[in-house]
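Colleague: Please read through the structure below; I'll follow up with questions.
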Amino acid sequence: MTPANIPISGTLISGRFVHRSNRFLAEVDVAGERALAHVPNSGRMTELFVPGVEVLLRPAPVESERRTAYDLLLIMHGDSWVGVDSRLPPGLIVDAWRAGLLPAFDGYQSVRREVRYGESRLDLLFEGPQGQLYVEAKSVNLVKDGLGLFPDAPTIRGARHLGELASAVRGGHRAAVTFVVQRDDVQRVMPYVDKDPVFAAALLDAVSTGVECYAISCAVTPNGSTPTRLVPVVLP
């Protein structure tokens, strides 16, 4: 089964990145007018957010009382689009599973989102005759010479999620962290130790407990994102 394209809802318009005011706020230029855009991603992405680079924006609903006029969803990098919406990876994992791109998830019959475990909400819970599989999705946007790196900024929440996955394994369940690369120029993925040694250590600890690691590359266009292939996860 071929993975389905997960479309971007709404109509996108072109703009130019000006600067980033904070993690979730950017100033953009749209047809010569300055406006504010919500950035749905806490990563720094400094190699992507270059002044003047083309971005694709989704206008906020007319009736919205938001401070920002747009959502910033795609950035042109070189001659390819990179998706920066960190809300998409759980859905992309589900689509990859349905298409058979995640053979390790075969046999599960249903999936639920945003399932509480311990002190956290984990992204996905797959269920089937073989039991339960808890999955946490991580959005990867940084790629250097084919190497996808996560995170590009410290993430206390990410390390906590890995601890919850390890706890699920100790409780007799399967658990996995799945890195979703929202671009198609990646050959392998690894934790970015220099940016967040705590997350890298938590990942190694989780893996030693039995937590599984997977990574998926995606083709990204203005029409949406499509999971394309598994890539290996390399541990430091």
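Every number here is computed from the coordinates shown, using simple stated rules; none is lab data. Because the structure is predicted, anything quoted here is derived from the model rather than measured. Note that each Cβ is placed from the backbone with ideal geometry, even for glycine, and that neighbours are counted across all protein chains shown.
Colleague: May I ask you to evaluate 6.51 cos²θ - 1.76 cosθ + 1.60, the Karplus curve with θ = phi - 60°, for each residue of the stretch 109-115 and list the ³J(HN,Hα) values in order in whole Hz, giving x for glycine and proline?
Modeller: For the stretch 109-115, the Karplus-derived couplings read 9, 8, 9, 10, 10, 6, 9 Hz, x marking Gly and Pro.
Colleague: Enter the angle in degrees (range 0 to 90, nearest 10) between the Cα long axis of helix 197-209 and the first principal axis of the Cα atoms of the chain, meaning the one along which they spread out most.
Modeller: Between the helix axis and the principal axis of the chain, the angle is about 30 degrees.
Colleague: Might you report the magnitude of the Cβ-based charge dipole of the stretch 92-144 about its Cα centre, with Lys and Arg at +1 and Asp and Glu at -1, to the nearest 20 debye?
Modeller: 140
Colleague: Mind listing the phi-derived Karplus ³J(HN,Hα) values for the stretch 33-46, rounded to whole Hz, using 6.51, -1.76 and 1.60 with θ = phi - 60°, and x for any glycine or proline?
Modeller: Values, residue by residue: 10, 7, 8, 9, 10, 7, 9, x, 6, 8, x, 6, 6, 5 Hz.
Colleague: Please say if the stretch 126-223 is rounded, prolate or oblate, where rounded means a/c under 1.5 for a ≥ b ≥ c the square roots of the C-alpha gyration tensor eigenvalues, and otherwise the choice is prolate for a/b larger than b/c and oblate otherwise?
Modeller: Cα axes put the stretch 126-223 in the oblate bin.
Colleague: From the residues 103, 134, 153, which one has its Cα farthest along the dipole of the stretch 100-162 in the positive direction, the dipole being from +1 and -1 charges on Cβ of Lys/Arg and Asp/Glu about the Cα centre?
Modeller: The one lying farthest along the dipole's positive direction is 153.
Colleague: Rounded to the nearest 5, what is the percent of antiparallel bridges among the DSSP beta bridges in the chain?
Modeller: Details: 47 of 68 bridges.
Of all bridge pairs located within the chain, approximately 70 percent are antiparallel.
Colleague: How large is the charge dipole for the chain, taken about the Cα centre, if only the Cβ atoms of Lys, Arg (+1) and Asp, Glu (-1) carry charge, to the nearest 20 debye?
Modeller: 340
Colleague: Using a Debye calculation, one point per C-alpha and no hydration shell, please list log10 I(q)/I(0) for the chain at q = 0.08, 0.18 Å⁻¹ in order.
Modeller: -0.30, -1.37
Colleague: Any idea what angle helix 89-98 forms with the longest principal axis of the chain, computed on alpha-carbon atoms, 0 to 90 degrees, nearest 10?
Modeller: 60
Colleague: From largest to smallest, what semi-axes in whole angstrom does the stretch 164-213 give when each is the square root of 5 times an eigenvalue of its alpha carbon gyration tensor?
Modeller: Largest first, the stretch 164-213 gives 22, 14, 7 Å.
Colleague: Classify the stretch 6-82 from the C-alpha gyration tensor, please: rounded if a/c falls under 1.5, else prolate or oblate depending on whether a/b exceeds b/c.
Modeller: In terms of gyration-tensor shape, rounded.
Colleague: Now a separate question. Pairing the Cα long axis of helix 156-170 with the longest principal axis of the chain, what angle in degrees results, from 0 to 90 and rounded to the nearest 10?
Modeller: Tilt relative to the chain: about 20 degrees.
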